[in-house]
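The values are calculated or read from the model by the stated rules, or taken from the named source; none is laboratory data. It should be emphasised that the depicted structure is a prediction, and the values quoted were computed from it without experimental measurement. Here the Cβ positions follow ideal geometry from the backbone for every residue, glycine too, while neighbour counts run over all protein chains shown. Accessible surface is based on the protein model in full, side chains and every heavy atom, while ligands, DNA and RNA are left aside. Shrake-Rupley method; radii C 1.70, N 1.55, O 1.52, S 1.80 Å.
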Amino acid sequence: MDQADVDINVDINEINKFDKLASKWWDLSGESKSLHDINPLRSGYIKERAELKNARVLDLGCGGGILSEAMAAAGADVTGIDMGKEPLAAAKLHLEKSGYKIDYYQTTAESMAVSDPESFDLITCMELLEHVPNPGSVINACYKLLKPGGNIFFATINRTFKSFVFAIIGAEYILRLLPRGTHKFNKFVKPLEIEQWAEKAGFIKKDLSGMEYNPFTQKYFLSNNTKVNYLMHFYKNLS
């Protein structure tokens, strides 16, 4: 991997944005409420498709550790990485309450791919690809980090007119599920783009599922509609 890939695939403005939210990361009714609401769906999707108990798991862009703790609760040996100093501090602080053992580091997937290749049974990359300059670089690094036979899960937002209406106008300005400015439409990622980057890296696609939100029940659910939020599951062949 070129050293330039290791060094530059970080958007400082994105890091600063999430640093400002860190103090309320574990506030169930605060600005990170949507992350808490969607976490059972995401963790359930992972548990249905891969074994978490005793698995060595890497949570990329772990933020304050919401998904990391859910996977640790399922018996995984979890490492969480993020480039935001403040979210990581919130994650480490919450471990004092939860009692889980999770290793958190301030680093990138590209850097870890150099130091710890083929070290993980499972990787999660949730809501990260739309916040980095080069999503393909992250996916390529993930392939190097994953053990043969391992699974990787992505979650992000499609780049469609519907996603602009629902994920930005609706979620940030009308329903106020997220702080204004959380997302930029031009950084949203189409499923086909992830599939192309993943297949180029060497991954095998296992699933593509949509995630939808019911504003009346305030619940998220899986569907075939991938026009806004979606999850993808890939596998690294044993050979």
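General observations
- Counting only residues that are open to solvent by 40 Å² or more (accessible area, probe 1.4 Å) and either at pLDDT below 85 or not in a helix (DSSP H, G or I) (or both), the range 25-39 holds 6 of them.
- Qualifying residue in the range 146-163 (condition: of a type in the set (G, A, S), assigned to a helix (DSSP H, G or I) and in contact (Cβ under 8 Å) with a residue 24 or more places away in the chain): yes
- Answer from Y143, Y235 - the residue that is closer than 16 Å to C125 by Cα, at pLDDT 95 or above and part of a strand (DSSP E or B): Y235
- Meets criteria (over 20 Å from L58 (Cα atoms), open to solvent by less than 80 Å² (accessible area, probe 1.4 Å) and part of a helix (DSSP H, G or I)) for S209: no
- Of the criteria (1) without any contact (Cβ under 8 Å) to a residue 24 or more places away in the chain; (2) within 18 Å of P135 (Cβ to Cβ); (3) not polar (S, T, N, Q), which one L28 fails: (2)
- Scanning the range 226-239 for residues that are open to solvent by less than 50 Å² (accessible area, probe 1.4 Å) and closer than 19 Å to E130 by Cα yields T226, V228, N229, Y230, L231, M232, H233, F234.
- Residue match in the range 103-113 (condition: touching a residue at least 24 places away in the same chain (Cβ under 8 Å), buried (at least 21 other Cβ atoms within 10 Å of the Cβ) and closer than 16 Å to L21 by Cβ): no
- Of the residues in the range 190-201, at least one is within 17 Å of the chain's Cα centre (by Cα) and open to solvent by 60 Å² or more (accessible area, probe 1.4 Å).
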